[in-house]
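The values are calculated or read from the model by the stated rules, or taken from the named source; none is laboratory data. Model, not experiment: these values are computed from the prediction. Please note: Cβ atoms are built from the backbone with ideal geometry, for glycine as well, and neighbour counts cover all protein chains shown.
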Amino acid sequence: MTPELDFNTLFRQYYSRAFRLAYFMTNDKTLSDDIVQEAFLIVYNKINTLRDKGKFRFWLNKIVINCTNQILRTNSKYYLTDNIEIIANKFTNEECYDPLNIIEENELNNEILKFIQQLGKLEREIFILRYYEEYSYKEIAETLGINESTARSIIHRGKKVLVHYIKNYESGYAEKVGDVL
């Protein structure tokens, strides 16, 4: 098999996952497509530098995150996707939803979106990797180049703040995250 065929196989296999990650961070399909194209261009040029081929997914995600951050630094608008149910469901106990709760669920999802948008860059990346990509703490640490204990600490602190934020929202007193942190 030629290197071009190998690359085409990797592209087809990982494109949708890379696109979802970029889209989750930008909420812009066109921008996400550009990010993924840029990321795969980097992959094509640097695939020989990857020592452990078993870590390709983590390496690609790191490239996508870095490309996203680089592009977003040049744009002042930054929105996470409204498709936040993945994270919202991690912090609610309800398994099935009553049709009457749909409006409340959407409002809660919007509040969680606001919460995540207020996080710092590192905290936002860690939350996305943990609850969207379902990375382990070790995988987060390797992907972002941080200590595993740092990832655990940020998630632990963030979950506590998020629970407080949700409780305040549910009682009608949603606060800005900056006031809680």
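Tabulated data
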item	result
Residues of the range 33-55 that turn out to be touching a helix residue (DSSP H, G or I) at 6+ places or on another chain (Cβ under 7 Å) and small (Gly, Ala, Ser), as a count	1
ASN61 vs. criteria out of contact with any helix residue (DSSP H, G or I) (no Cβ under 9 Å at 6 or more places or on another chain) and outside the structural domain of LEU113 (by TED's automatic domain parsing)	no
Every pair of residues 6+ apart whose Cβ atoms lie under 7 Å, when the first sits in the range 35-54 and is of a type outside the set (A, V, I, L, M, F, W, C) while the second is part of a helix (DSSP H, G or I)	GLU38/CYS67; TYR44/PHE7
Elements of type helices (runs of 4 or more DSSP H) in the range 12-109, at least 1 residues being within 21 Å of GLY120 (Cβ to Cβ) and at pLDDT 60 or above	29-46, 56-74
Filter result (among the hydroxyl-bearing types (Ser, Thr, Tyr) and loosely packed, with under 13 Cβ neighbours inside 10 Å) within the range 28-55	THR30, THR49
